[in-house]
1. Does the stretch 1-34 hold any residues that are part of a strand (DSSP E or B), at pLDDT 95 or above and not basic (Lys, Arg), and which are they?
2. Tell me which residues, restricted to the stretch 38-83, are out of contact with any strand residue (DSSP E or B) (no Cβ under 7 Å at 6 or more places or on another chain) and either surrounded by 17 or more Cβ atoms within 10 Å (Cβ to Cβ) or assigned to a loop (DSSP other than H, G, I, E, B) (or both).
3. In the stretch 26-37, what residues are over 12 Å from Gly84 (Cβ atoms) and either buried (at least 21 other Cβ atoms within 10 Å of the Cβ) or touching a residue at least 12 places away in the same chain (Cβ under 8 Å) (or both)?
4. Examine the stretch 26-34 for a residue that is among the hydrophobic types (A, V, I, L, M, F, W, C), more than 22 Å from Ser108 (Cβ to Cβ) and touching a Pro at 6+ places or on another chain (Cβ under 6 Å), and state whether such a residue exists.
Amino acid sequence: MPSTRFVIRAHQRIPVRCNFYYMGEEFLGKGTVTNLSRIGFRALGDHQVMPGMELVARLSLPGRAGSVDVGLALVRWVRGHWFGAKMIRLNPEAKERIGTFLSTCLRSSCPLR
């Protein structure tokens, strides 16, 4: 029987629905981020990834102009085409935009589309 690990999250996940592109060494995938925190996200993508894989990603936050670039994300878990990734490298502007977006979502109802 596989063991399960209980993990306490330091950052609250916020349900969202935003399009994103992700790129590995030899592929470009497209998908939807379904929840987001200041340090990671859960997504459904059209290209299979594996735990430990390094990705570059571009997220389109709902209700916001432009996209947010993630310089490096590390795939932490995979279930089919669903996966979770930790954002390792974000420039200060990207951190600020994600933080502002999440704060706005926490204060009001988050725009899901």
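1. Asn19, Phe20, Tyr21, Tyr22, Met23, Leu28, Gly29, Gly31, Thr32, Val33, Thr34
2. Across the stretch 38-83, the qualifying residues are Arg38, Gln48, Gly63, Arg64, Ala65, Gly66, Val78, Gly80.
3. Residues satisfying the conditions are Phe27, Leu28, Gly29, Lys30, Gly31, Thr32.
4. no
The values are calculated or read from the model by the stated rules, or taken from the named source; none is laboratory data. Note that the structure is a prediction, hence the values are computed from the model and not measured. Glycine gets a Cβ as well: all are built from the backbone with ideal geometry, and neighbour counts include every protein chain shown.
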